[in-house]
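Scroll down for the structure; my scribbles are underneath it.
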Amino acid sequence: MKSMTVTEFKARALKAIAAVEASKEPLVLTRRGKPVVEVQPFRQRAGAAEPGQLAHLFRFEEDIVSPLGEEMWHASR
């Protein structure tokens, strides 16, 4: 992984960004020898979410308003 000081990046930002874009390799910016920022090439996320993708995971009930009935309640005293 390539690295560069923050000061050097300020002087050559456009060239450094172009190099990251071309090589697809991240660039670590350092300050006083310690890494502070990582510049990475942009990656498009795999497929946008579509409405209804999870519809097969749900069970739809006909009547959700009426009471369940006494046999469905198991309350202990």
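Structure values in brief
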item: Anchor K15: aspartates and glutamates whose Cα lies under 18 Å away (excluding residues fewer than 8 positions away in-chain); result: E25, E38
item: Cβ-based charge dipole, region 1-42, positive-most Cα from L14, V39, M4; result: M4
item: Antiparallel DSSP beta bridges within region 1-42, percent to nearest 5; result: 55 percent
item: Distant-in-sequence amide H partners of T5 (H built 1.01 Å from N, under 5 Å); result: T30
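Since every read-out is calculated from the coordinates, none of them should be taken as a lab result. Worth saying up front: this structure is predicted, and the values here are computed from it rather than measured. Backbone-built Cβ (ideal geometry, glycine too); neighbour counts: all protein chains shown.
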